[in-house]
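Below you'll find the structure, written out as structure tokens, and then a few comments.
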Amino acid sequence: MNNLKLRLLSIHSPRWRRLFSAVSGEHRFPHSHLQSSHYASPRPNSFSTHQSPKFQTPQKHSINSVSDIFDESSVLESLSSYNNDYKRALEFFNWLETGSKFNHTTKTFNKMIDILGKFFEFDIAWELIDKMSKTNRVESLPDHVTFRVMFKRYVSARLVKEAVNTYSRLNEFGLKDEMSFRNLVDALCEYKHVIEAEELCLGKGNMEVGEMFFDGKDTRIFNMILRGYFKLSWWRKCREFWEEMDKRGVEKDLFSYSIYMDIQCKSGKPWKAVKLYKEMKRKGIRLDVVAYNTIFRAVVQCDGVDAAMRVYREMRESGLEASVSSFNVLVKFLCDNGRYKEAYEVLDKMSGCGCPPNVITYHCLFTCLEKPKEILELFDRMFKSGVLPQMDTYVLLIRKFGRWGFLRPIFVVWEKMEEQKLSPDEFAYNALIDALLEKGMVDMARKYDEEMLEKGLSAKPRAELGTKLMQSQD
């Protein structure tokens, strides 16, 4: 049964299409049910659950166990395949209730809300939240994850006020507490609205949310803000905020030091990270693998690979097992310094040390290699080792080959992406279109440009395709 589910999971597979035809009375995935206006643009309020495409009433068929085919995990994975096409995701989501009698859970609701938020369809997302709260089933009620998704999507769209207003409404759902406040601050810091987060927590601005569940010394909140300034690379502000924590009597923990050591490394002062490491040991703060990885990187920058290996042995002696991140730091350092042969040697040894390489390990090598043949060979090795590329992997390779003017390798990796059932995002499409235009293949570039627009993805304005002129006229 599990194998059957996996085979049916891909919405693009022929078996899915036959199953869908059986239960819906259609012979293809029914784009025809969509009004043409729905494909015009993914603007807010343009699509409502009440206006969503409707399937025909399921007809009786020999497949009586169709509802058994779908469980929570298979639905989540199917929705993920439509992560870049919210209209089809919503169509599938709605059909599950009417066509297969599947009862959505909190997790499947949250996934659909996340996809809608990605395309700024917040009104529909709120309709789903209201629907969740009105159900009589505990397994489908809104939870902290639901509103963490809303915070994240509002803030990523620069709708900070709406995110704060959402937090203010949480009493309606019985979820206004310390965790939800931390989720709001985390979303603000994650998407570079750190100043607003600091104003909200320390009362330095006009941000008001009512009850905050913050005593002014919550180490986790301060760590979020410190990490936010780190993401902005505002090194001076990081130092000032680190000192502010001391002034306010905030107790710095392992995560505080790990973040600030990382800041010192990234700002070009690895020797200060080593100094912080010694301070931690004096205070009796036990290091974890993440902290050791940061020290590992600092020592590599200051004293080279041999000194870093001494730190690695110290970490093992302390009872900690090295993580793949530890080796990734070493691989990246070797690649950045042109020591590719040694980097491959580390790659060969990783599995033997109980830390098989991951996507980031291969990214380190892909970034530095300069021959298409070597990159494609490593790409094949990646698949054979069981490490599946992510969308970032494909974008990295398409852009790299595009800069070099090689189209054949681009289509090799694009075909692999389709075989992997990954839905290209706007960055992948734009990278491919740029490469095609560089080679003068305007018609093919226009085809992919139209394809991404149909999915509601944002295409770059391009004079070659006439989109620059169209956008200036709007």
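The values are calculated or read from the model by the stated rules, or taken from the named source; none is laboratory data. Treat the numbers as computed from the prediction; the structure is a model and nothing was measured. Using ideal geometry, Cβ is built from the backbone for each residue, glycine included, and neighbour counts are taken over all protein chains shown. Just the protein is used for accessible areas: all its heavy atoms, side chains included, with ligands, DNA and RNA removed. Shrake-Rupley method; radii C 1.70, N 1.55, O 1.52, S 1.80 Å.
Projecting the Cα positions of 375, 410, 427 onto the charge dipole of the range 342-444 (unit charges on Cβ atoms of Lys, Arg, Asp and Glu, taken about the Cα centre) puts 375 furthest along the positive direction. Segment residue 169..residue 321, full-extension length gain: 50.3 nm, with 0.36 nm per residue of separation and the alpha-carbon distance subtracted. The residues of the range 142-182 expose on average 45 square angstrom of accessible surface per residue, using a 1.4 Å probe on protein heavy atoms.
Of all the accessible heavy-atom surface of the range 164-323, with the other protein chains kept in place and a 1.4 Å probe, what percent is carbon and sulfur? Show your work: numbers first, answer last.
Working: 3800 of 8120 Å².
After summing per-atom areas, the C and S share lands at 47 percent.
Short-range pairs are left out: with C-alpha atoms under 8 Å and at least six residues apart, the relative contact order of the range 179-300 is 20 percent.
Using a 1.4 angstrom probe, figure out how much accessible area the range 367-432 has per residue, in square angstrom, rounded to the nearest whole. Mind showing how you got there, number by number?
Numbers: 3440 Å² over 66 residues.
Result: 52 Å² of accessible area for each residue.
In a shell of Cβ-Cβ distance under 9 Å around residue 231, excluding residue 231 itself, what net charge do Lys and Arg (+1) and Asp and Glu (-1) give? After counting each charged neighbour, the total is +1. In a simple Cβ point-charge model (Lys, Arg +1; Asp, Glu -1; nothing else charged), the range 99-170 has a dipole of about 140 debye relative to its Cα centre.
Cβ neighbours within 10 Å, averaged per peptide: list 360-373, 440-453 in order, most packed at the top. Display every interim value, and only then the final one.
Details: 360-373: 17.3, 440-453: 15.5.
My ranking of the peptides, most packed first, is 360-373, 440-453.
Lysine pairs in the range 148-265 whose alpha-carbon atoms fall under 12 angstrom of each other, counting only those eight or more residues apart or on distinct chains, come to 4.
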